[in-house]
Amino acid sequence: MNSSRSEELFREARKIIPGGVNSPVRAFRSVGGTPLFIAQGAGSRIFDVDGNEFIDYVCSWGPLLLGHRHPDIVAALENAIDMGTSFGAPTEQETELAEAIRRAVPSVEMVRLVNSGTEATMSAIRLARGYTGRDLTIKFEGCYHGHVDSLLVKAGSGMATLGIADTRGVPAAFCNTTIALPYNDAQAVEDAFRAYPDKIAAVIVEPVAGNMGCVPPLPGYLEALRDLTEKNGALLIFDEVMTGFRVAFGGAQERFGIRPDLTTMGKVIGGGLPVGAYGGREDIMSLIAPAGPIYQAGTLSGNPLAVAAGLAMLRHLEAHPEVYDQLEASAAKLCAWVPPGVTVNRVGSMFTFFFTEVPVTDWESAKRADTERFGRFFRAMLEQGIYIAPSQFEAAFVSAAHTEEDIEKTIAAAREAFTA
Ligand SMILES: *Cc1c(COP(=O)(O)O)cnc(C)c1O
């Protein structure tokens with residue numbers, strides 16, 4: 001595979017952009033080599049600047065549920081751009097998007113749009129603290145909720161991949177507001193509530209973890225979190241930035257039948273443009289300024305282009321519920337073939353091949369994966385035109401644009417990669 005142009009561009013980028021990338025997960029640090037510079041996408045495919053073509057399972061790290069340049073989204077954007085790119089004043093479409101979100105996710109009685117998943121979780125935590133009058137939050141090891149100061153403690157995603165264990169730059173006082181516990185361990189949560197009575201504002205959780213690789217909740221786990229938060233006067237925040245509109249139209253809360261107090265969203269909701277959202281119970285959301293005293297704002301929040309793309313995405317999904325059956329079938333087929341020495345975790349169209357024989361249920365077990373072997377697998381797949389995330393600790397995503405032929409090609413490539 002020729003990647004000389006990517007190498008050249010990466011050399012230039014590194015001189016002016018830290019590490020040559022605008023988000024750490026994009027660097028191929030843990031797998032070796034140069035990140036590919038992408039020129040174009042179409043459906044299930046991406047094309048790099050050297051003219052190589054790949055079947056894409058990164059899908060912009062989740063947002064592209066319908067693949068690259070879906071005609072509905074492109075048309076909505078073209079229409080929106082003719083009207084103007086930003087007003088800093090309300091538009092009709094923002095309410096339409098909010099209503100579309102509420103139809104999909106009934107626990108979201110009111111919603112505020114922001115520009116990223118990070119902003120959504122940051123704002124939800126502030127709101128939970130303001131509502132409860134408490135400071136502490138529980139999060140889980142290996143879960144990632146964006147680069148919010150207090151939520152970087154024992155975080156997944158790029159921090160897990162790069163082995164960044166501490167949180168330099170985050171004041172100790174902020175870290176001390178976070179209680180990090182093992183995922184899938186309800187007893188640990190119960191113990192924490194006992195140790196800090198009336199001090200814990202919220203439990204924030206990825207209802208299906210995706211940022212230590214895909215780790216589903218064990219049966220009863222989410223129910224226990226719902227129960228414990230309610231009993232102890234704390235809020236349950238589902239961080240559905242990855243799972244929202246991905247594992248079901250109504251997200252993980254629909255799939256597992258749990259009603260959280262607050263939900264954070266991002267990724268799919270923007271249809272490939274920068275959108276985040278947080279929402280939930282009306283009595284809580286009503287505390288946000290200007291309706292209430294808890295401040296949160298944004299110059300470009302509810303941006304017309306981003307809202308148009310998000311609305312086109314949600315409308316398409318609402319009109320085509322069969323998309324989810326197709327996603328489920330495609331991903332199931334991809335994961336049906338389990339090579340020896342590998343554990344496959346999958347929920348809907350998000351999945352991870354962990355290079356370990358032990359079941360992966362939390363960060364401790366995820367960490368046992370053989371990252372060297374993953375690196376060899378990653379490179380062998382790339383050589384065969386299959387683009388997966390350059391880290392063992394990330395989920396892969398199937399989109400509705402992936403054809404049966406794509407899936408078969410990918411399985412053939414994976415067989416080849418495993419024997420090599
Ligand atoms: C990606 C992600 C975030 C952060 O979203 P950004 O848009 O990258 O800020 C937060 N939570 C979860 C679960 C995510 O997967």
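The values are calculated or read from the model by the stated rules, or taken from the named source; none is laboratory data. This structure is a prediction, so every number in the text was calculated from the model and none was measured. Here Cβ is always computed from backbone atoms with ideal geometry, including for glycine, and neighbour counts include all displayed protein chains.
Of all the listed residues (P339, P304, P290), the sole one being surrounded by fewer than 19 Cβ atoms within 10 Å (Cβ to Cβ) and modelled with pLDDT of 95 or more is P290.
Scanning region 301-317 finds no residues that are part of a strand (DSSP E or B) and either of a type outside the set (G, A, S) or touching a Leu at 6+ places or on another chain (Cβ under 6 Å) (or both). Determine whether L65 is within 16 Å of the ligand (Cβ to nearest atom) and outside any helix (DSSP H, G or I). In short, yes. The residue that is modelled with the lowest pLDDT, among those in region 391-420 that are more than 18 Å from Q326 (Cβ to Cβ) and exposed (fewer than 15 other Cβ atoms within 10 Å of the Cβ), is A420. Once region 226-249 is narrowed to residues that are crowded, with 24+ Cβ neighbours inside 10 Å and farther than 19 Å from V58 by Cα, the residue that is nearest to the ligand (Cβ to nearest atom) is D239.
Within region 344-366, being free of Cβ contacts under 8 Å to residues at least 24 places away in the same chain and either more than 30 Å from P321 (Cα to Cα) or in the same structural domain as T161 (by TED's automatic domain parsing) (or both) holds for T356, E357, V358, P359, S365.
Output the residue which, of all residues in region 196-211 that are among the charged types (D, E, K, R) and over 17 Å from S123 (Cα atoms), is surrounded by the most Cβ atoms within 10 Å (Cβ to Cβ).
Initially, region 196-211 is screened for residues among the charged types (D, E, K, R), giving 198-199, 206.
Of the ones still in play, those that are also over 17 Å from S123 (Cα atoms) are 198-199.
Numbers: D198: 12, K199: 16.
Per the stated criteria, the residue is K199.
Does L136 fit the bill of being of a type in the set (A, V, I, L, M, F, W, C), touching a Gly at 6+ places or on another chain (Cβ under 8 Å) and not assigned by TED's automatic domain parsing to the domain that holds T361? Against the criterion (of a type in the set (A, V, I, L, M, F, W, C), touching a Gly at 6+ places or on another chain (Cβ under 8 Å) and not assigned by TED's automatic domain parsing to the domain that holds T361), L136 does not qualify.
Do you know which of the residues in region 345-364 that are of a type in the set (S, T, N, Q) and surrounded by 21 or more Cβ atoms within 10 Å (Cβ to Cβ) is nearest to Q392 (Cα to Cα)? Walk me through it before giving the result.
Step one: list which residues in region 345-364 are of a type in the set (S, T, N, Q), which gives 345, 349, 352, 356, 361.
Filter once more, so that each one left must be surrounded by 21 or more Cβ atoms within 10 Å (Cβ to Cβ): 345, 349, 352.
Values: N345: 12, S349: 17, T352: 8 Å.
Per the stated criteria, the residue is T352.
Quick one: would you say K154 is more than 14 Å from the ligand (Cβ to nearest atom), surrounded by fewer than 24 Cβ atoms within 10 Å (Cβ to Cβ) and under 18 Å from the mean Cα position of the chain (by Cα)? Spelling it out, K154 is indeed more than 14 Å from the ligand (Cβ to nearest atom), surrounded by fewer than 24 Cβ atoms within 10 Å (Cβ to Cβ) and under 18 Å from the mean Cα position of the chain (by Cα).
Between I17, I81, I73, I38, which is under 26 Å from A380 (Cα atoms) and either in contact with an Asp or Glu (Cβ under 8 Å, 6 or more places away or on another chain) or among the β-branched types (V, I, T) (or both)? Give the derivation first.
Numbers: I17 fails: under 26 Å from A380 (Cα atoms); I81 fails: under 26 Å from A380 (Cα atoms); I73 fails: under 26 Å from A380 (Cα atoms).
Within the list I17, I81, I73, I38, the selection yields I38.
Note on region 128-151: residues that are part of a loop (DSSP other than H, G, I, E, B) and either of a type in the set (D, E, K, R) or within 15 Å of the ligand (Cβ to nearest atom) (or both) amount to 10.
Remark: I125 matches the filter, which requires a residue to be within 15 Å of the ligand (Cβ to nearest atom) and at pLDDT 95 or above.
Could you tell me whether region 167-181 includes any residue that is modelled with pLDDT of 95 or more, among the basic types (K, R) and away from the ligand (no atom under 12 Å from the Cβ)? There is no residue in region 167-181 that is modelled with pLDDT of 95 or more, among the basic types (K, R) and away from the ligand (no atom under 12 Å from the Cβ).
When T95, T85 are screened for being among the hydroxyl-bearing types (S, T, Y) and either under 22 Å from A400 (Cβ atoms) or not in a helix (DSSP H, G or I) (or both), only T85 passes.
Could you please find all residues in region 1-37 being basic (K, R) and assigned to a loop (DSSP other than H, G, I, E, B)?
The first filter runs over region 1-37 and keeps only residues basic (K, R), leaving 5, 11, 14-15, 26, 29.
Correct list: R29 only.
Give the residues of region 214-261 that are β-branched (V, I, T) and either touching a residue at least 40 places away in the same chain (Cβ under 8 Å) or not assigned by TED's automatic domain parsing to the domain that holds R315 (or both), sorted by residue number.
Going through region 214-261, the residues β-branched (V, I, T) turn out to be 215, 229, 237, 241, 243, 247, 258.
Hits for region 214-261 are V215, I237, V241, T243, V247, I258.
Residues being more than 16 Å from G348 (Cα to Cα) and surrounded by fewer than 24 Cβ atoms within 10 Å (Cβ to Cβ): count how many of those fall in region 250-260. Spell out the reasoning first.
Here is the first cut: in region 250-260, the ones more than 16 Å from G348 (Cα to Cα) are 258-260.
After this cut, where a residue has to be surrounded by fewer than 24 Cβ atoms within 10 Å (Cβ to Cβ) as well, the list is 258-259.
Total satisfying the criteria: 2.
Consider region 262-288. How many of its residues are away from the ligand (no atom under 15 Å from the Cβ) and either within 19 Å of N211 (Cα to Cα) or without any contact (Cβ under 8 Å) to a residue 40 or more places away in the chain (or both)? Qualifying residue count, region 262-288: 1. For region 250-267, the tally of residues that are in contact with a strand residue (DSSP E or B) (Cβ under 6 Å, 6 or more places away or on another chain) and not polar (S, T, N, Q) stands at 8.
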